[in-house]
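Chemist: Below are the structure tokens for one structure; questions will follow.
The values are calculated or read from the model by the stated rules, or taken from the named source; none is laboratory data. Small disclaimer: the values here were computed from a predicted structure and weren't measured. Positions of Cβ are generated from backbone atoms using ideal geometry, with glycine treated the same way; all protein chains shown enter the neighbour counts.
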Amino acid sequence: MKCLIVGTGGVGGSLAAFLALAGHEVCCVARGEHLRAMLGGGLKFRSDIKGEVTLPVYRPGAVPAPAAEGAAPRPYLTACTSGECRGRFDLVLVCVKGYSVPDVAECIVRAADAQTIVLPVLNVFGTGPRIARACPGARVIDGCIYIVGFVSAPGEVTQMGSVFRLVFGARSGDGVSRPELEALQQTLQQAGIRAVLSDDIVRDTFAKWGFISAMACTGAYYDVPMGALQHPGPERDTFVGLTRESSALGEKMGITFREDPVEANLRVIDALDPMSTASLQKDLKRGHASEIQGQLFDLIDAARAHGVATPTYDRVALKFRR
């Protein structure tokens, strides 16, 4: 497949590496020092699943000559800014932060035609419909991902632990057929990604939103890695309280969860690397732009609109409003 990764951070960089190592043609949209480092020295990928590998990175149009006849082609990537990106792709994976969606909408439109599948895997709820509105004519489905991945240095992405699960699906009217979704699932699975085709993507993206919100807000509130949430104590109690409040919101919105959200979220938390932290926590600590609006305040606003009490979220929000 010809794949475009819009946003080559921890999630996008991990997806790019897995797809390129499986033999797919992958172009990465990145910017700044991270892009310059990749073009200068390749993408250094440190993965608990794949090991350590450096993938050569080229400008589009400056790719290496094909391998000699009979020789296996060496995986590589191309990379450019969103403004430089040109051409049509089979798959567009949108991996930017929620606040960056308007900045990449034009790039997505240029990359997509009537056969392209656009799959966002963001950490906030409702991004599929939002991107579809911003990118008229594109076939946008929806998805979410469970992974610990981050940019550990310019030109370097680290993926920690064994959790790498991508859940995706289409809503009525998205224009993507079931056979296309199944073919995409097979492609992702053959690349080593645990791809799950959802029968209710609204439910599954809401469940991920609830999980990432509880995880990131707890970690940021106490400024601790995930290991602190894996044992009895105030951190784990806060995580459970946030999960209960977000799941109460989901039920008010008509979502029927596949299993008890507390049990499901604790199972995921307990499988994470104890030293891992959420990107929201990292961004706040560094004073960078963050997704605190989408992962904290938007959830509180939605709960207010549906008459759901959120005492644990309110306590967390007090710290960050200050």
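Chemist: When you look at THR205, is it touching a residue at least 12 places away in the same chain (Cβ under 8 Å), in contact with a Phe, Trp or Tyr (Cβ under 9 Å, 6 or more places away or on another chain) and part of a strand (DSSP E or B), yes or no?
Modeler: no
Chemist: Taking the residues in segment 79-128 that are among the acidic types (Asp, Glu) and surrounded by fewer than 17 Cβ atoms within 10 Å (Cβ to Cβ) as candidates, determine which candidate is farthest from ASP174 (Cα to Cα). First the steps, then the outcome.
Modeler: The initial filter retains those residues of segment 79-128 that are among the acidic types (Asp, Glu), namely 84, 90, 103, 106, 113.
When the remaining residues are screened for being surrounded by fewer than 17 Cβ atoms within 10 Å (Cβ to Cβ), the result is 84, 103, 106, 113.
Details: GLU84: 28, ASP103: 22, GLU106: 19, ASP113: 14 Å.
Residue satisfying both the conditions and the ranking: GLU84.
Chemist: For the list (1) in contact with a helix residue (DSSP H, G or I) (Cβ under 9 Å, 6 or more places away or on another chain); (2) modelled with pLDDT of 95 or more; (3) closer than 22 Å to CYS3 by Cα, I need the number of the one condition that LEU184 fails.
Modeler: With respect to (1) in contact with a helix residue (DSSP H, G or I) (Cβ under 9 Å, 6 or more places away or on another chain); (2) modelled with pLDDT of 95 or more; (3) closer than 22 Å to CYS3 by Cα, LEU184 is out only on (1).
Chemist: Please verify whether segment 173-194 includes one or more residues that are more than 29 Å from GLY32 (Cα to Cα) and within 15 Å of the chain's Cα centre (by Cα).
Modeler: Taking every residue of segment 173-194 in turn, at least one turns out to be more than 29 Å from GLY32 (Cα to Cα) and within 15 Å of the chain's Cα centre (by Cα).
Chemist: Which condition number in (1) out of contact with any Leu (no Cβ under 8 Å at 6 or more places or on another chain); (2) farther than 19 Å from ALA207 by Cβ is the one that GLU182 fails?
Modeler: (1)
Chemist: I'd like the full set of residues that are charged (D, E, K, R) and either surrounded by 16 or more Cβ atoms within 10 Å (Cβ to Cβ) or within 18 Å of the chain's Cα centre (by Cα) (or both), limited to segment 15-47. Let's see the steps before the verdict.
Modeler: Of the residues in segment 15-47, the ones charged (D, E, K, R) are 25, 31, 33, 36, 44, 46.
Correct list: GLU25, ARG31, LYS44, ARG46.
Chemist: Residues that are out of contact with any Asp or Glu (no Cβ under 8 Å at 6 or more places or on another chain) and among the β-branched types (Val, Ile, Thr): which strands (runs of 3 or more DSSP E) entirely in segment 107-181 hold 3 or more of them?
Modeler: 142-153, 156-169
Yes/no matrix, rows are residues, columns are (1) over 29 Å from ILE292 (Cα atoms); (2) modelled with pLDDT of 95 or more:
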{"site": "ARG46", "(1), (2)": "no, yes"}
{"site": "LEU55", "(1), (2)": "yes, yes"}
{"site": "PRO60", "(1), (2)": "yes, no"}
{"site": "ALA65", "(1), (2)": "yes, no"}
{"site": "ALA71", "(1), (2)": "yes, no"}
{"site": "ARG74", "(1), (2)": "yes, no"}
{"site": "THR81", "(1), (2)": "no, yes"}
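Chemist: Just the residues that are assigned to a loop (DSSP other than H, G, I, E, B) and either at pLDDT 90 or above or crowded, with 20+ Cβ neighbours inside 10 Å (or both), please, taken from segment 288-309. If you could, list the steps in order and put the result at the bottom.
Modeler: Within segment 288-309, the first condition is being assigned to a loop (DSSP other than H, G, I, E, B), and the residues that meet it are 288-291, 306-309.
Across segment 288-309, the qualifying residues are SER290, GLU291, HIS306, GLY307, VAL308, ALA309.
Chemist: Exactly one of these conditions fails for ALA220: (1) small (Gly, Ala, Ser); (2) assigned to a helix (DSSP H, G or I); (3) touching a Lys or Arg at 6+ places or on another chain (Cβ under 6 Å). Give me its number.
Modeler: All conditions pass for ALA220, except number (3).
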